[in-house]
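These notes are about the structure you will find just below.
The values are calculated or read from the model by the stated rules, or taken from the named source; none is laboratory data. The shown structure was predicted, so the numbers you read here are calculated from the model rather than taken from an experiment. Here Cβ is always computed from backbone atoms with ideal geometry, including for glycine, and neighbour counts include all displayed protein chains. We work out accessible area using only protein heavy atoms, side chains counted, and drop any ligands, DNA or RNA first. Shrake-Rupley method; radii C 1.70, N 1.55, O 1.52, S 1.80 Å.
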Amino acid sequence: MTDKYEHMIKTVDLKKDFGSLKVLKGVNEHVDKGEVLTIIGPSGSGKSTFLRCLNMLETPTSGQIFFEGTDITQKGISVDAHRQKMGMVFQHFNVFNNLTVKKNITLAPVLLKKKTQKEADEMADELLARIGLTDKKDAHPSRLSGGQKQRLAIVRSLAMEPDVMLFDEPTSALDPEMVGEVLQVIKELVKSGMTSVIVTHEMGFAKEVSDRVIFMDDGNIAEEGTPTELFEHPQNPRTQEFLSKVLY
Amino acid sequence: MLQNIIKVLSKYGYLFADGLWITIELSLITVLCSSVLGSLLAIARRSRLLPVRFLCTAYVEVVRGTPLLLQLYFFYFMLPNLVPALKLSEFTCVVIALVFNSVAYVAEIVRAGIGAVDRGQMEAARSLGLSSKQAMIHVVLPQAVKNILPALCNEFVAIIKETSLASTFFIGDIMTTYKTINGFTFLIIEPLLIAGIIYFCVTFVLSKAIAALERKMKASD
Ligand SMILES: Nc1ncnc2c1ncn2[C@@H]1O[C@H](COP(=O)(O)OP(=O)(O)OP(=O)(O)O)[C@@H](O)[C@H]1O
Ligand SMILES: [Mg+2]
């Protein structure tokens with residue numbers, strides 16, 4: 001099973017236009033199993049678009065995306081099946097407002113026949129205990145704080161037992177006092193070996209958890225390297241300019 | 001005048017009761033049929049096939065761009081000629097015309113109700129691997145219903161008033177009752193006042209009930 005493919009995710013000359021606006025201009029990137037890749041860059045540089053292309057929430061204009069060896073941009077391929085193995089966490093949580101906290105977690109695994117209702121319930125209990133939301137399991141999401149919603153959104157994805165997690169600015173919509181609790185959950189997750197792609201503006205966090213950091217600028221990868229390389233010795237003037245703005 | 005009103009009521013009150021019943025029957029049948037068909041139309045408008053989308057949109061635009069009275073005439077006179085085999089009653093023709101009209105408005109209500117659900121809900125469901133149909137059924141529609149239901153009730157109230165146009169064909173609704181009594185007694189103001197008060201009472205009570213329902217649904221979030 002393992003190593004039939006070179007990288008868990010690989011993009012080849014990935015381009016995305018919105019009308020006449022060229023948002024991704026040919027991105028060649030890869031993510032390896034167990035790797036934690038963070039994406040930083042100025043607003044509008046295409047970070048979210050890149051991440052959303054990885055699970056085909058945006059349809060690329062051209063180029064290819066290989067997930068576990070399969071080109072998921074092919075016509076006629078079942079994207080749904082591949083999405084089951086790619087968890088995604090959104091800036092605005094997007095927890096299901098019509099379902100209880102516990103149902104948020106069990107809906108997909110049961111519906112997609114990954115688990116029986118009983119198995120899913122047991123797993124939900126475990127996941128809720130892990131994020132300290134056990135006493136809220138029958139509440140509706142409107143009763144949760146932003147930080148609680150985002151932690152719920154994270155474990156909702158985990159219930160599908162994904163091979164990779166995609167995070168799109170998971171803490172940007174949170175009140176400052178709730179950022180820490182969410183970052184803590186993500187830290188524990190990556191420590192346990194979860195392959196992750198994280199778009200973030202939290203530079204300290206990026207430095208701490210990343211194996212590799214890429215700096216996106218205007219639809220291109222302007223620079224990439226280890227956290228030390230990128231944060232301590234940026235080579236590209238655009239990277240230097242960006243970092244000087246966000247770090248001080 | 002008050003005397004006349006009392007006289008009309010005591011002599012022809014039963015006619016108003018019959019009229020009220022027919023108005024409500026007509027409105028209920030219309031709103032029920034158009035709720036089902038309008039929802040289907042709203043879903044069809046989201047089809048991947050361009051011709052389907054085009055036809056549905058054209059239908060909505062045509063209905064909304066022509067007067068209901070004209071549509072009533074059209075169905076009343078055309079339908080029996082077009083399909084004589086069915087031997088459609090006048091009442092049925094009127095119902096079909098009202099449904100034809102109301103479906104377009106219901107489709108818009110349903111569309112707006114779905115559109116008001118945050119796009120992120122669908123995206124989150126899809127990102128977990130749900131098909132768009134599963135996401136629709138389990139996540140989006142249950143939330144859309146909260147927007148749609150009160151608007152549908154308001155459509156019911158609007159239809160109650162619109163059915164008065166069908167009295168052109170003497171189908172026995174409240175407005176027909178007015179015309180009948182006017183024919184018997186040559187009174188105008190008095191039976192008109194009675195009809196107006198009946199319409200107002202029904203729609204007022206319904207509107208208040210809908211507002212209460214809406215508040216309750218908001219609270220249950
Ligand atoms: N659905 C869309 N339709 C049209 N334009 C879009 C769409 N989504 C994104 N864009 C545009 O594409 C560009 C890149 O957007 P993207 O969201 O990928 O940037 P980002 O790097 O994530 O920025 P931020 O840090 O603000 O989240 C922006 O100019 C944005 O306005
Ligand atoms: Mg973004």
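Here are the numbers for the structure shown:
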{"quantity": "Looking only at segment B:110-134, and only at residues there that are open to solvent by less than 10 Å² (accessible area, probe 1.4 Å), facing another protein chain (nearest Cβ under 7 Å) and in a helix (DSSP H, G or I), the one that is farthest from A:PHE96 (Cα to Cα)", "calculated": "B:SER127"}
{"quantity": "Meets criteria (within 16 Å of ligand 1 (Cβ to nearest atom), open to solvent by less than 10 Å² (accessible area, probe 1.4 Å) and among the hydroxyl-bearing types (Ser, Thr, Tyr)) for A:THR200", "calculated": "yes"}
{"quantity": "One residue from A:GLY147, A:GLY180 being open to solvent by less than 10 Å² (accessible area, probe 1.4 Å) and not aromatic (Phe, Trp, Tyr)", "calculated": "A:GLY147"}
{"quantity": "Selection count, segment A:68-105, where residues are at negative phi and away from chain B (no Cβ under 11 Å)", "calculated": "10"}
{"quantity": "Residue check, A:GLU35 touching a Lys or Arg at 6+ places or on another chain (Cβ under 8 Å) and within 16 Å of ligand 1 (Cβ to nearest atom)", "calculated": "no"}
{"quantity": "Residue within segment A:119-135 that is within 14 Å of chain B (Cβ to nearest Cβ), under 17 Å from A:VAL185 (Cβ atoms) and basic (Lys, Arg) present", "calculated": "no"}
{"quantity": "Unique residue being surrounded by fewer than 16 Cβ atoms within 10 Å (Cβ to Cβ) and out of contact with any Asp or Glu (no Cβ under 9 Å at 6 or more places or on another chain) when the list is B:PHE77, B:PHE100", "calculated": "B:PHE77"}
{"quantity": "Filtered residue count, segment B:15-61, keeping only those that are open to solvent by 90 Å² or more (accessible area, probe 1.4 Å) and outside any helix (DSSP H, G or I)", "calculated": "3"}
{"quantity": "Of all residues making up segment A:73-127, the number that are more than 16 Å from ligand 2 (Cβ to nearest atom) and either outside any helix (DSSP H, G or I) or open to solvent by 70 Å² or more (accessible area, probe 1.4 Å) (or both)", "calculated": "27"}
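For (1) more than 16 Å from ligand 1 (Cβ to nearest atom); (2) within 14 Å of chain B (Cβ to nearest Cβ), each residue gets a yes or a no:
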| position | (1), (2) |
| --- | --- |
| A:GLY147 | yes, no |
| A:ARG151 | yes, no |
| A:ILE154 | yes, yes |
| A:PRO162 | yes, yes |
| A:PHE167 | no, yes |
| A:ASP175 | yes, no |
| A:VAL182 | yes, no |
